[in-house]
Amino acid sequence: MNSSIPTNFEDWKYCITKKCGLQLSQSFLQQRIQSLENKEDLQTKAFIGLYGEAQYQNTLSWFKMASQFIN
């Protein structure tokens with residue numbers, strides 16, 4: 001990963017699990033998906049403000065993708 005901002009699923013997963021030390025549990029993933037799908041959520045607004053719509057859409061899709069693989 002060359003950038004601090006993930007550009008693909010594998011980079012994103014590495015950031016979440018290795019750099020941030022978070023476990024990708026189904027509960028965590030569903031909470032984040034629910035929050036990200038609500039564009040009125042303050043964290044979601046801040047994320048979009050910082051990283052833009054394209055990165056927001058990518059990140060939401062990566063959370064959804066991960067939720068398909070986690071029991």
| request: Describe numerically, in nm with one decimal, the distance between label points set 7 Å from Cα along Cα→Cβ at ILE33 and at GLN57. | output: 1.9
| request: Name the aspartates and glutamates eligible as straight-distance cross-link partners of LYS18: C-alpha to C-alpha under 20 Å, and not fewer than 8 places from it in the same chain. | output: GLU10
| request: Quick one: divide the alpha-carbon radius of gyration of region 25-69 by 2.2 N^0.38 Å and tell me what you get. | output: 1.09
| Hey, which aspartates and glutamates would be in cross-link range of LYS39, C-alpha to C-alpha under 18 Å, not counting anything within fewer than 8 residues on its own chain? | GLU53
| Per the helix-only calculation at 222 nm, which mean residue ellipticity applies to the chain, given -39500 (n - 2.57) for every DSSP H run of n ≥ 4 and division by its residues, nearest 500 deg cm²/dmol? | -21500 deg cm²/dmol
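We did not get these values from a lab; they are worked out from the coordinates using the rules stated. All of these numbers come straight from a predicted model, not from anything done at the bench. So basically every Cβ, Gly included, is an ideal-geometry build from the backbone, and we count neighbours across all protein chains shown.
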